[in-house]
Amino acid sequence: MAHAYKLNRTSPPSKSGIDFEKELNPEQYAAATAGGGPSLVIAGAGSGKTRTLIYRLAFLMEQGVKPWQILLLTFTNKAAREMLHRAEELLGQDLRGLWGGTFHSIGARMLRKNATLLGYEPEFSILDREDAEKLMKTVYQLEKIDTKEKGFPKAGVMCDIVSFATNTDDEVREVVFHRNPEFIEYVDTIEGLARSYRDRKVAANAMDFDDLLLQAIRLLDQEPEVAEEYGRRFHHVLVDEYQDTNVLQSRFIDALSAGHGNLMVVGDDAQSIYSWRGADFRNILDFPKRYPGALVHKIETNYRSVPEVLAVANAVINRNSEQFHKELRAARVTMEQKPAVIELEDSSQQAEFVTQRIRELLDDGMEPSDIAVLYRAHFHSMELQMALTRGELPFQITSGLRFFEQAHVKDVTSYMRFVVNLRDEVAFKRMVLMLPGLGEKTADKMWLNLVARFRPGALPLGAGDFPSLLNGLKVPGKAGEAWQQLIYTLDELAPAGIPAAPAVMIHSIIEAVYDDYLRSKFPNYESRREDLNTLEGFSAQFEETGEFLSQLALLTSMDTDSTAPEASGDMVTLSSIRQAKGLEWKVVFVIFLADGLFPGKRSLEDPATLEEERRLFYVACTRAMNQLYLTWPRVRLNAGYGEMFLTGSRFLREIGSQLVDEWEVE
């Protein structure tokens, strides 16, 4: 017969003396001190979301909850460490027993203890991205897949397809049809490779990052005793940035809180901008439906921006139909400076305006690190990078490499460099290494054989006649067809031995040889193709390819250390909006605000995607503390179409003229 035994508390819980009501505003206080059960905290931009979570931790401790009874889920381990450190300072006690970290790190801890229940050994390996790609290449070899087959996805692209399917709880076939339609003809093979990859991981006693969540959910679903154990351990589950969760993460959260229901998720539906990587906006929007009776707290007091900036952000986001309606209110006083809307002649003038205005701000005493230029896509920054470099203004890029240092840009320009200078060994090798079945040693031999055809002190034999110059070089059988296409393309780039104009060259290179390579080589094909379209449009300003290449080389080599992270303290920041989320600057420029560019052209046909683009614009505006500049060019050089006339973004029209100042640039 079982006997009940009550353990009496020997001493009351320690009190830290925190005056929660004094330390927090009424909205934060209501959320931080809420009772048990499910709670959704909608924390607007700049409203002190992290502070609220930290005080929630402290409040739970004050109520007698032990550190090991709390689970904190975040999107980065750094965020978890910072929250726990600040909570420890606030409470004056150690929170070492509290589990805090990313979804994957928590899943890994659970699986290390219980792996045998799922058929794994406890010492299972965790594959990082590089490991996963290597294993996928092994699968390709075992399945006798010709990785050089035209248009077939490389191992890295294949890993992305499998990962997206896992995180969205979708079939691989559906992901190919809707996200990677360029591979539809190989969909059956891709499905088979995905299964073989999964089996290979199990055989190797290994999990990739996605498995850490997938298998942890499987553990909780299939092993009731394990689920009950974690239910008893974690009395409270706290989740940060809930609007960014995907289907898998949402299921993990639900499983961990199913036993007690003490779940608090914090986020902002107006900042849900990551559907492209699998985040599901419905998770936060439908939380009250999935958890009937859940409390919904709104924190709408903004401590970052002046009222003029918030008025613009509120006006635009209020146009979205699917949202938790809120109105950000400024805690700061007015600066009597409305956000500026600036219409420019073209993209070059836009770059000149931003560069000149930044210089004026610096002359007025502003620090470079107080200024950011934000854009929807990395290729929007090309001309601005050039203008800032010419103006010798220090800048750092957080959205990727400098435009002309990107692999695909250097790939395309290698063809151009070789046509202009047949002795360019680096360009020749980069060009031929893109051929199927051809490696470094073969490229070296080909170059030596080519050099033997050069006449001392004169042009190489057959210069301007690429078939006679290159046809005698030996290439592997796999590369034969592609090599002949390359020779034909090079000959087309310099008719009668005279290099064509740079825009003509770039167009021919992409259409004849590079597009298929780009499509199968890189996972983010569309954004890289946009880069190349921008490069082609920009190159139309140059008549001579040699001059165009000289300008690129000079711009790439000038002040190359200016993008070093350690030097970021005294530099203007160039960033995509998505990577700027969570950051703030005194002055923010948002560029290329034209329909088709921002919002993107695809979103104009899809209401749900357009609403996400509007949320992206909202995020951009709410990064600004004091000054906000919104710019767009009337004309943009467009690859293959000459000048493209633009219309100002519909988001600008939604603001209302009374909320902004329209600047006229002479």
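The values are calculated or read from the model by the stated rules, or taken from the named source; none is laboratory data. Because the structure is a prediction, the values reported are computed rather than measured. Reconstructed Cβ throughout: ideal geometry from the backbone, glycine too, with neighbour counts over all protein chains shown. For the accessible areas, the whole protein counts, side chains as well, though only heavy atoms, and no ligand, DNA or RNA atoms are used. Shrake-Rupley method; radii C 1.70, N 1.55, O 1.52, S 1.80 Å.
Can you classify the range 157-305 as rounded, prolate or oblate using the Cα gyration tensor, where a ≥ b ≥ c are the square roots of its eigenvalues, rounded means a/c under 1.5, and otherwise it's prolate if a/b beats b/c and oblate if not?
On the way: a/c = 2.69, a/b = 1.38, b/c = 1.94.
Oblate, since a/c reaches 1.5 and b/c is not below a/b.
Along the range 592-598 the Karplus relation, 6.51 cos²θ - 1.76 cosθ + 1.60 evaluated at θ = phi - 60°, assigns HN-Hα couplings of 6, 7, 9, 4, x, 10, 7 Hz to successive residues, with x for each Gly and Pro.
Give the total of Lys-Lys pairs in the range 310-452 with Cα-Cα distances below 22 Å; include a pair only if its members are 8 or more places apart or on different chains.
5
Count neighbours as other Cβ atoms within 10 Å of each site's Cβ, and list the trypsin sites (Lys or Arg not before Pro) in the range 10-99 that are DSSP loop with at most 15 such neighbours. Mind showing how you got there, number by number?
Numbers: sites: K15, K22, K49, R51, R56, K78, R81, R86, R96; in loops: K15, R96.
Sites meeting the loop and neighbour criteria: K15, R96.
Karplus-derived 3J(HN,Hα) values for the range 223-228, using 6.51 cos²θ - 1.76 cosθ + 1.60 with θ = phi - 60°, are 10, x, 5, 5, 4, 5 Hz; glycine and proline are entered as x.
Which of rounded, prolate or oblate describes the chain when judged by the alpha-carbon gyration tensor and an a/c cut-off of 1.5? Cα axes put the chain in the oblate bin.
Here the chain is assigned +1 on the Cβ of each Lys and Arg and -1 on the Cβ of each Asp and Glu. Its dipole about the Cα centre then comes out at about 1880 debye. A straight Cα-to-Cα reach below 28 Å connects K201 with the lysines K113, K134, K137, K144, K148, K150, K154, K521, residues fewer than 8 places away in its own chain not being considered. Peptide packing for 32-42, 542-552 was compared via the average number of neighbouring C-beta atoms within 10 Å per residue; ordered from the highest value, the list is 32-42, 542-552.
Is the range 449-551 rounded, prolate or oblate when judged by the Cα gyration tensor, a ≥ b ≥ c being the square roots of its eigenvalues, rounded requiring a/c under 1.5 and prolate requiring a/b larger than b/c?
Numbers: a/c = 2.49, a/b = 1.27, b/c = 1.96.
Here the range 449-551 falls in the oblate category.
How much of the accessible area of the chain, in percent, comes from carbon and sulfur atoms when a 1.4 Å probe is used? Roughly 49 percent, rounded to a whole number. What whole-number distance in Å separates the alpha-carbon centres of the range 610-666 and the range 201-231? Cα centroid of the range 610-666 versus Cα centroid of the range 201-231: 46 Å apart. Take every DSSP beta bridge whose two residues both sit in the chain; close to 10 percent of them are antiparallel.
Over the chain, give the accessible area per residue in Å² for a 1.4 Å probe, as an integer. Write down the numbers at each step before the final one.
Values: 30050 Å² over 666 residues.
Using a 1.4 Å probe on heavy atoms only, each residue of the chain averages 45 Å².
Here is the list for the range 140-214: GluC sites (Glu not before Pro) lying in DSSP coil, each with at most 14 other C-beta atoms within 10 angstrom of its C-beta, are E143, E149, E171. Per-peptide packing, taken as the mean over residues of other Cβ atoms within 10 Å, places 63-75, 257-269, 283-295 in the sequence 257-269, 63-75, 283-295 from highest down. Remark on E223: its backbone amide H falls under 5 Å from none of the residues 5 or more positions apart or on other chains, H modelled at 1.01 Å from N.
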